[in-house]
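Notes follow the structure.
The values are calculated or read from the model by the stated rules, or taken from the named source; none is laboratory data. All values derive from a computational prediction rather than experimental measurement. Reconstructed Cβ throughout: ideal geometry from the backbone, glycine too, with neighbour counts over all protein chains shown.
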Amino acid sequence: MAIDRIERIALWLIDSPIRSARSHGSGHVKRSVRRVILAIHTADGLVGWGEAAPWAPFGNTAETALAALRHVLVPALTGQDATRIVACMATCAGAIAGHADAKAALEMALWDIAGKRLGAPVSALFGGLVRAAIPLSFSIADPDFTSDLDRARDMHAQGHRIFKVKTGFLDPAEDMRRLDALRAALPGMDLRVDYNQGLAPHEALPVLREVERVAPTFIEQPVPRGQEASLARLAAALDTPVLADESVTSPEEMLRAVREGFADAVSIKLMKSGGLLAARAIDAIAAAAGVPSYGGTLWEGGIALAAAAHLLGTLPNCTLGCEFYMPSYALVRDIVPDVLLAGGGMVQVPGGPGLGVSVDMELLAGQALESL
């Protein structure tokens, strides 16, 4: 029997409490995060870890990811050669459409195994690091803005300089009050604005022209996915760069963004792209067009964010930092010890073989709603 054979894949559906309520544009307030954790076991005893953290606006939940894995993707990969990552992901693509988050979890686990087999970090398998530390962006998204402002002041005093405000779920005048307060309170900050698709196309331009008054570095996804013509008009009309998030989930959509001019910058997320391979392809197209990238997240914990850090650390085009703060600043306690924070507002790419993370099995069992 080949030692590289995928012998079994274990699954856990977990629910993790978060430190404070979060509202990300749609008006829905989250108080906990559901994710799927998986472990791929090979015949010679290697274990690779993966994580799926879906977000409903992308059409999936943790429960749908679990179902896709349990009934389709796990049976399709069991027995396959874990070293043939491209072939394994092609098998997944042929087995079921969509479910990018579930596929990303499987792929990162395969890369974790590959790195452990070779005794090398995943970043080395992609040609090595161009940056060992990535500037960290923290999202202002607590419905209690006073708490978020106090938190931002504390972080600013510790060296954090990038803050992104989640807008679009309040009245525009209230959004501006928050933006003005942050700009006044935190001198020298790098301020970004993220609407999470929160504006209607017909109302967006005057609202965003007012937002430009606080000189944001970029404005992220102001209008819904499917309104790319409006997004292109906004990108042309505004002085501030427009960053595409939900409108770019694949290399094909990145190519369209370049052709139609609706992205001055792009958010790279493993959960929406389906894994490191597809995310690298998105970034390569963006880089060729002179469109810088930014490391975005959905609701991932330490496993997926470690994988994303390995990816972003190898991309010269990723010049806008990342928002990988969930394990330390949002989750009450993650299932992996925090290996990402480097201090001073930076995220470090983990060292060690594979993803460079270990899993607290007791905490995993304690947060599990279901295990398979």
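Numerical summary
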| quantity | calculated |
| --- | --- |
| Residue list for region 215-229, restricted to those being surrounded by 19 or more Cβ atoms within 10 Å (Cβ to Cβ) and without any contact (Cβ under 8 Å) to a residue 60 or more places away in the chain | Pro216, Ile219, Glu220, Gln221, Pro222, Val223, Pro224, Gln227, Glu228 |
| Any hit, region 42-51, residues being in a strand (DSSP E or B), of a type in the set (S, T, N, Q) and in contact with a helix residue (DSSP H, G or I) (Cβ under 9 Å, 6 or more places away or on another chain) | yes |
| Given (1) at pLDDT 95 or above; (2) surrounded by 24 or more Cβ atoms within 10 Å (Cβ to Cβ); (3) under 16 Å from the mean Cα position of the chain (by Cα), number of the condition Ala286 does not satisfy | (3) |
| Filter result (in contact with a Cys (Cβ under 9 Å, 6 or more places away or on another chain) and either more than 28 Å from Asp190 (Cα to Cα) or assigned by TED's automatic domain parsing to the domain that holds Cys88 (or both)) within region 241-274 | Gly274 |
| Residue among Thr78, Thr83, Thr61 that is of a type in the set (S, T, N, Q), out of contact with any His (no Cβ under 8 Å at 6 or more places or on another chain) and within 18 Å of Met271 (Cα to Cα) | Thr61 |
| Hits in region 52-69 (condition: in contact with a strand residue (DSSP E or B) (Cβ under 8 Å, 6 or more places away or on another chain) and assigned to a helix (DSSP H, G or I)) | Ala62, Glu63, Ala65, Leu66, Leu69 |
